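This report concerns only the one structure given below.
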Amino acid sequence: MQPQFRWGAVEYADSYQLQISDDVEFSNLVLDTLMIDTNYTMSFVLSESKVYFWRVRATNQISESSWTAAWYFTTGIKPYQPVLVLPAQNSSGIELKPKLDCENVATAESYLFELGLDPNFTNPIISYSTNESEYQVSADLSYSTDYFWRVRAENTVGIGDWSLIYKFTTTVDTGIEDDLHSETEVSIQPNPTDKEAEMLLNIKNKPNLDIALFTENGALLQNIYSGIYRNNIKIDTKHLASGMYQIVVKTKDKIRTVRMMVVN
């Protein structure tokens, strides 16, 4: 923190003496300087979250004035190191437009998110500043690719340390094209899930359905349902290991893939 000090001009003054101390008796001076201006900006950084006292007096070749009354101020604190939340460290099967999320930092005014292909962030793919503690990737990442991400918090006092660097791997390309688009709405609730999930469907024309469960790598695990149209279908997940899965919904001429996270 490098605050600026200002005071009013005094008639017949040639210069001004400014003192800054961390005690009200000014026995431990942090700064003691003479200047001709009526303002001064600290040339070095003061300690964070600390009380300081300051005073000024006018001087000329003949004498010096009394000291002003001592004023005090408390310095701020730069943000702490953020804690990353999602995507989790070394997670895999992550969607191509993931949300990067970290815990809120109480003193932060903004966050800088970086995403890259190497842990040194030589040429970041994303370097984005926001006042939110999360960032939604807007363009598709590549399939089956390792990505590294980090966050730092900033405020008017200073720039905090970078978070730890997390790595995640995007999902594989199963070759299944998602082409239902606006003709359908398919969702999984809750997601993430543990013992049981429910698939909610709202597809125009209510076609017959074929629904299957795949691993994140595209291997078929089981056929969930095949038959006439239904608005909701229960999915038993208590036998599944924790991880990311893909559910493929097929109609006569269209396919929809949704992802489901299981936490058991």
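Can you give me the ranges of the strands (runs of 3 or more DSSP E) entirely in region 31-115 with at least 1 residues that are over 30 Å from Gln246 (Cα atoms) and in contact with a strand residue (DSSP E or B) (Cβ under 7 Å, 6 or more places away or on another chain)?
Those strands (runs of 3 or more DSSP E) span 39-41, 51-59, 71-74.
For region 214-239, how many residues are without any contact (Cβ under 8 Å) to a residue 12 or more places away in the chain, more than 21 Å from Ile94 (Cα to Cα) and outside any loop (DSSP other than H, G, I, E, B)?
Going through region 214-239 one residue at a time, the tally reaches 1.
If I filter region 97-113 for residues that are more than 11 Å from the chain's Cα centre (by Cα), among the β-branched types (Val, Ile, Thr), open to solvent by 20 Å² or more (accessible area, probe 1.4 Å) and under 30 Å from Arg6 (Cβ atoms), do I get at least one hit?
Checking region 97-113: at least one residue is more than 11 Å from the chain's Cα centre (by Cα), among the β-branched types (Val, Ile, Thr), open to solvent by 20 Å² or more (accessible area, probe 1.4 Å) and under 30 Å from Arg6 (Cβ atoms).
So, in region 194-227, how many residues would count as being closer than 16 Å to Met244 by Cα, at pLDDT below 90 and buried (at least 17 other Cβ atoms within 10 Å of the Cβ)?
Final tally of qualifying residues: 3.
For region 46-82: of the residues being under 22 Å from the mean Cα position of the chain (by Cα) and either open to solvent by 70 Å² or more (accessible area, probe 1.4 Å) or not aliphatic (A, V, I, L, M) (or both), which is farthest from Asp23 (Cα to Cα)?
Pro82
Just give me the residues in region 186-213 being part of a loop (DSSP other than H, G, I, E, B) and not β-branched (Val, Ile, Thr), in sequence order.
Those that are part of a loop (DSSP other than H, G, I, E, B) and not β-branched (Val, Ile, Thr): Pro190, Asn191, Pro192, Asp194, Lys195, Asn202, Lys204, Asn205, Lys206, Pro207, Asn208.
Residue under question is Val45, and the condition is that it be touching an Asp or Glu at 6+ places or on another chain (Cβ under 7 Å) and within 28 Å of Pro79 (Cβ to Cβ); does it hold?
no
Give the residue that is farthest from Pro119 (Cα to Cα), with candidates limited to residues of region 137-172 that are out of contact with any strand residue (DSSP E or B) (no Cβ under 8 Å at 6 or more places or on another chain) and exposed (fewer than 14 other Cβ atoms within 10 Å of the Cβ).
Thr156
Filter region 231-251 down to the residues that are surrounded by 14 or more Cβ atoms within 10 Å (Cβ to Cβ), over 25 Å from Thr169 (Cα atoms) and not β-branched (Val, Ile, Thr) and list them by number.
Selection gives Lys250 alone.
To keep it simple, each residue is scored yes or no on (1) of a type in the set (A, V, I, L, M); (2) within 30 Å of Thr75 (Cα to Cα).
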residue: Ser92; (1), (2): no, no
residue: Pro98; (1), (2): no, no
residue: Ala106; (1), (2): yes, yes
residue: Leu115; (1), (2): yes, no
residue: Ile125; (1), (2): yes, no
residue: Glu134; (1), (2): no, yes
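Could you count how many residues in region 1-36 are more than 18 Å from Ser63 (Cα to Cα) and over 42 Å from the mean Cα position of the chain (by Cα)?
So the count comes out to 4.
The values are calculated or read from the model by the stated rules, or taken from the named source; none is laboratory data. The structure presented is a predicted model; accordingly, all values stated were derived computationally and were not measured. Every residue, glycine as well, gets a Cβ built from its backbone with ideal geometry; the counts of neighbours run over all protein chains shown. Note: accessible area is taken over every heavy atom of the protein model, side chains too, but ligands, DNA and RNA are not part of it. Shrake-Rupley method; radii C 1.70, N 1.55, O 1.52, S 1.80 Å.
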